[in-house]
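Here is the structure we will look at, set down as structure tokens.
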Amino acid sequence: MKLTVEGLNSHYGPAHILFDIGFEVGAGEVVALLGRNGAGKSTTFRSIVGLVAQRTGRIMFEGKDVSVRPTHEIVREGLGYVPEERRIFTDLTVEENLEVGRQPKRPNAPYWTREKLFALFPNLGEMKNRPGGRMSGGEQQMLTIARTLMGNPSLVLLDEPSEGLSPKIVEQMVDAILTMKKEGVSIVVSEQNLHFARLISDRAYIIERGRICFGGTMAELDARPDIRDAHLSL
Amino acid sequence: MAFYVVQFLTGLASAASLFLVASGLSIIFGVTRIVNFAHGAFYMIGAYVAFTLTERLSGAFGFWGGIVVAAFAVALIGVIVEMVLLRRIYHAPELFQLLATFGLTLMVEDLVVLIWGPDDLVGRRAPGFRGAIDFFGQNIPSYDLFLIVLGPVVLGILWLLFQRTRWGVLVRAATQDRDMVAALGVNQKWLFTSVFAVGVFLAALGGALQIPRDAVHHAMDLRIIVEVFVVVVIGGLGSIIGAFVAAVLVSELNAFGILIFPKISIILVFLVMAAVLIVRPWGLFGKPEAPARKTPGLTVNPWRPLTSNERLAALAALVIAATLPLFAGNYALTVGSEIAIFVIFAVSLHFLMSVGGLASFGHAAYFGLGAYGVAFLAKMAGLPMIVCLLLGPLLGCMGAAVFGFFAVQLSGVYFAMLTLAFAQIVWSIAFQWVSVTGGDNGILGVWPSSWAASPSHFYWIALGVAALVTIALRAMVFSPFGYALRATRDSLLRTEAIGINAKRIQWTAFVIAGTTAGIGGALFAYLKGSVFPDNLGISLSVDALVMVLLGGVETVSGAVIGAIVYKALNIWLVSQTDLSKLVLGGFIVLIVVVFPKGIVGMLEMLAQRRKSTSPPGATLLAKPMGSAE
């Protein structure tokens, strides 16, 4: 397994947010983490990369327990994270944003160069010197993904990549994610949009109120409309 | 004409050092969000170390080498400070960071006297720049020309560093979003340390380059830090260009202000700063601040009025305190009066800081204004004590009304810097305007009327006023005004959304706190029989902060205990050692790092823990530092 999460519990101050979250991701797989707003998807990702301080549980990445390591070390192991709010550095140009994400080549992961990323996201190539603050939402979303790929991750946590984007951009996003998969990047994608998730994912987990309440292939999920209707708003 | 050109060039030359120090402060703040109060101390150490090195090493190489080596050596000290102290407090509220770095400043002030002695040291002239150039009959020191060139050169180097290197890109990214930079695999710890080292290097270089122009002395840290705060408030925190432009502006204002108001040249700088703040509260080149992070006073335990038992206990304590004259001697009574006065001072700051969430670093200004108010009335108008006591604090009230109006336009560290700068301006006026204030000699012979003159009577008056003030402010906390004020502290935006004029509430709180401090100052003038500029100095402002912090910033009335313990300790300490600043500074650092909830906060926590084993999350939240698990 590429990534195994076991018994993950997280707190924000006195509030208990995640309860014994567990799931796994195989090499080269695209796994969807589905759930409504506030179900705990983002907190799960933030906990995995160590951005939530109060967390317990085991997070095995490529056979190493990373749950006690600081964020930058986890990321340097090849576990990339694309946050939901995009968090582009608005004062920095596209090229500078990419520079912040740059990490050395990794033996077991695809190697991304600026040129390769500009081929994947042609829009970005046309605005190399534009400050991040003067880009559209779709362009910013592409830039966050490209920025994380500059770190040559072998697995990427993608937090709601389709949120707030126009259908045309969502199509481009699907293509980009499938290209990433073809290159050999494992992906965990959190989504509220089942349609989008179905286009890219091999398997899915459903999270509800901080607990995993379903795990299986997309076909298995389609066979259980009750679960789908109970936990996902369509 | 030539004279004005020369005056202008002198201003430009002074701007160089100011720019170096201010840009260092700005860079450090941008990434770490710490306003490094100790920046002036690093500037001062830079000057001292450079003095020693340039004295030991001979020749031009020795001089310039000594300057550069001094800056590097001080940067190394900065690295140690960052790793040992600052890393522990990055997640603490801003107030604690300011206080910890201030504690450091105090320690350094005593340390440099220990190492280099108390006398001014006059350094070597710079080899190659010893002479002066004749400009239509006016002399311009050639070293000034060197500094004039150096400023833009350093600006250019910094620009290249930030625009053209990976380190610069990372620093700019971290200035905007630290967590995201970590989430991209960058080790924040070393980024922070390197940024701090660069900032301290600039400060130390600024200090080292001053030695051919000015004598090196152990008060140069506070002088520069106040100017630097003014510069970054005008230029905008975090902006290097802003630091440069504002450094030039402030230096020129100083250079020409002397011609216009020879006695109180600082007024001109103040007027410009006020104008900038009205038009662009975040400075000429700064950006509007994001909503402030946690402010002190945000507490997990909701405040409640005292129960009737607690009221009885407080009353009993007051009665016991009132019996002091029955058995104590005159010295003890004088100390008791002083402590009571400092209780007034501390609760007034506590009201502003804990209830209003506005940490003033210049609260002594209003204490001192109250004292000067009394002195003017008593000495110049010859009014009786009771009238002076009633009217004197109005000077503190007026000062608070004027400065408070500007200060509440800002919040967080900007508020702290601005209040400090205002206090320093008041101090400068008291110090420089000799014909009115007596300058350094102060105003003597402010004695109480005969009915209040005996130590026991005066003690009872001070104690009574302290009790009244404490009760009044406490009642205000639980009044509708207090609710509104606490609402502005907890969420400014939501407060305004429900129709409260937040700025007016904060301004009112500022005026109340200033007036109350003025009452303390008025009594203080009569206790000492004299008034000095020190009565509104920075160290007194910091005393107040420490008293509040020691008592517990998250409590309703911790300041009372804090004032009693601190003042008693302070009086004892000063009588025991010459190194009181060193001990006091170390004490402040210690409180911030290991004892951040204060005495009363600790007691409350213990009491709570005994009552019920509180959920683990709650105590975690109460800790200032976000510890894992």
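Under 8 Å for C-alpha pairs, at least 6 residues apart: give me the relative contact order for chain B, rounded to a whole percent.
20 percent.
Taking only DSSP H segments of four or more residues, each worth -39500 (n - 2.57), what value at 222 nm results for chain B once the sum is divided by all its residues, to the nearest 500 deg cm²/dmol?
Taking each H run of at least 4 residues, the total per residue is -23500 deg cm²/dmol.
Modelling each spin label as a point 7 Å along the Cα-to-Cβ direction, I'd like the B:Val5/B:Val68 distance in nm, to one decimal.
3.4
Please give the average number of partner chain Cβ atoms lying within 10 Å of the Cβ of each residue in B:168-178, rounded to a whole number.
Per residue, the number of nearby Cβ atoms from other chains is 5 on average.
Which listed residue (B:Ala466, B:Ile500, B:Phe532) has the Cα farthest towards the positive end of the charge dipole for region B:465-538, taking +1 on Lys and Arg C-beta and -1 on Asp and Glu C-beta about the Cα centre?
Positive-end residue among those listed: B:Ile500.
Taking amide H positions as placed in the peptide plane 1.01 Å from N, state which residues far from B:Gln138 in sequence (5 or more) or on other chains have amide H under 5 Å from it.
none
Take B:Asp440 and A:Met60, extend 7 Å from each Cα along the Cα→Cβ direction, and tell me the distance between the two endpoints in nm.
A separation of 7.4 nm, rounded to one decimal place.
Ranked by Cβ crowding within 10 angstrom, fewest neighbours first, how are A:Arg114, B:Arg489 ordered?
Arranged by neighbour count, lowest to highest, A:Arg114, B:Arg489 become A:Arg114, B:Arg489.
Given the options A:Leu149, A:Phe19, A:Val170, identify the residue whose Cα lies farthest towards the positive end of the charge dipole of region A:16-173 (+1 on Cβ of Lys, Arg; -1 on Cβ of Asp, Glu).
It is A:Leu149, whose Cα lies furthest towards the positive end.
Take the residue pairs B:Lys528/B:Lys567; A:Lys64/A:Lys116; A:Lys41/A:Lys181 and return only those whose Cα atoms are more than 18 Å apart.
A:Lys64/A:Lys116; A:Lys41/A:Lys181
Within 10 Å of each Cβ in peptide A:70-76, how many partner chain Cβ atoms are there on average? Round it to a whole number, please.
Whole-number average of other-chain Cβ neighbours for A:70-76 is 6.
I'd like the FRET efficiency for B:Ala401 and A:Asn123, computed as 1/(1 + (r/R0)^6) with the beta carbon distance as r and R0 of 51 Å, rounded to 0.05.
With R0 = 51 Å, the Cβ-Cβ based efficiency is 0.40.
Okay, helix-only estimate at 222 nm for chain A: each DSSP H run of n ≥ 4 adds -39500 (n - 2.57), divide by all residues, round to 500 deg cm²/dmol; what do you get?
Theoretical 222 nm ellipticity from helices: -9500 deg cm²/dmol.
Assuming a ≥ b ≥ c are the square roots of the Cα gyration tensor eigenvalues, decide whether region B:184-262 counts as rounded (a/c under 1.5), prolate (otherwise, with a/b larger than b/c) or oblate.
oblate
Please list, in order, the residues from region B:183-216 whose amide nitrogen is less than 16 Å from a point placed 7 Å along the Cα→Cβ vector of B:Asp119.
B:215-216
Going by how many other beta carbons lie within 10 Å of each one, how would you line up B:Met44, A:Met1, A:Met142, B:Met385, fewest first?
Placing the least packed residue first, the sequence is A:Met1, B:Met385, A:Met142, B:Met44.
Separation between the A:Glu95 and B:Asn309 pseudo-spin-labels, each 7 Å from Cα along Cα→Cβ, expressed in nm?
Label at A:Glu95, label at B:Asn309, 7.2 nm between them.
Sort A:Leu34, B:Leu492 so the one with the fewest other Cβ atoms within 10 Å of its own Cβ comes first.
Ascending number of Cβ neighbours within 10 Å: B:Leu492, A:Leu34.
Give, as ranges by residue number, the residues of region B:330-373 whose backbone N falls under 18 Å from the point 7 Å along Cα→Cβ of B:Ser454.
B:330-337
Report, to the nearest 10°, how far helix B:364-376 tilts away from the longest principal axis of the Cα atoms in chain B, using its own Cα long axis and a range of 0 to 90°.
Relative to chain B, helix B:364-376 is tipped by roughly 70 degrees.
Note the angle between two axes, namely the Cα long axis of helix B:220-235 and the longest principal axis of the Cα atoms of chain B, as a number of degrees from 0 to 90, rounded to the nearest 10.
Roughly 80 degrees between the two axes.
Work out the mean other chain Cβ neighbour count within 10 Å for the residues of B:185-195 and drop it here as an integer.
For this peptide, the per-residue mean of nearby foreign Cβ atoms is 4.
Can you compute the charge dipole magnitude of chain B about its Cα centre, using +1 on each Lys and Arg Cβ and -1 on each Asp and Glu Cβ, nothing else charged? Give it in debye, rounded to the nearest 20.
My answer is approximately 1320 debye.
Would you please give the residues with an amide H less than 5 Å from that of A:Ala32, counting only those at least 5 places away or on a separate chain, with H modeled from the backbone geometry?
Amide H neighbours of A:Ala32: A:Val189, A:Asp202, A:Arg203, A:Ala204, A:Tyr205.
Return the FRET efficiency for the residue pair A:Tyr12, A:Arg106: r is the Cβ-Cβ distance, R0 is 22 Å, and the value is rounded to the nearest 0.05.
Calculated value: 0.10.
Determine the dipole magnitude for chain A: charges of +1 sit on the beta-carbon of Lys and Arg, -1 on that of Asp and Glu, nothing else is charged, the reference point is the Cα centre, and the result goes in debye to the nearest 20.
Roughly 380 debye, rounded to the nearest 20.
Taking θ = phi - 60°, what integer Hz values does the Karplus form 6.51 cos²θ - 1.76 cosθ + 1.60 yield along region B:272-277, in sequence order, with x for Gly and Pro?
Once rounded to whole Hz, the list reads 5, 4, 4, 4, 4, 5.
Mind listing which trypsin sites (Lys or Arg not before Pro) in region A:81-110 are in a DSSP loop and have 10 or fewer other Cβ atoms within 10 Å?
Listed in order of number, the matching sites are A:Lys105.
Applying the Karplus parametrisation 6.51 cos²θ - 1.76 cosθ + 1.60 with θ = phi - 60° to the phi angles of region A:91-106, what ³J(HN,Hα) value in whole Hz is obtained for each residue in order, glycine and proline being reported as x?
7, 9, 6, 4, 4, 5, 4, 5, 4, 4, x, 5, 9, x, 4, 10
In degrees between 0 and 90, to the nearest 10, how far off the longest principal axis of chain B does helix B:308-322 point, with axes built from Cα atoms?
In chain B, helix B:308-322 runs at an angle near 80 degrees to the longest axis.
Taking the Cα centre of the protein assembly as shown as the origin, how large is its charge dipole in debye, to the nearest 20, when only Lys and Arg (+1) and Asp and Glu (-1) carry charge on their Cβ atoms?
Rounded to the nearest 20 debye, it is 540 debye.
Determine ³J(HN,Hα), in whole Hz, for all residues of region B:244-253 in sequence, where each value follows from phi through the Karplus function 6.51 cos²θ - 1.76 cosθ + 1.60 and θ = phi - 60°; x replaces Gly and Pro.
Each residue of region B:244-253 in turn: 5, 4, 5, 4, 5, 4, 5, 5, 5, 4 Hz.
Taken together, the values in this text are just the output of simple stated rules run on the coordinates, not laboratory data. This one's a predicted model, so the numbers in the text were calculated from it and none came from an experiment. Neighbour counts are summed over all protein chains in view; Cβ atoms, including those assigned to glycine, are modelled from backbone coordinates with ideal geometry.
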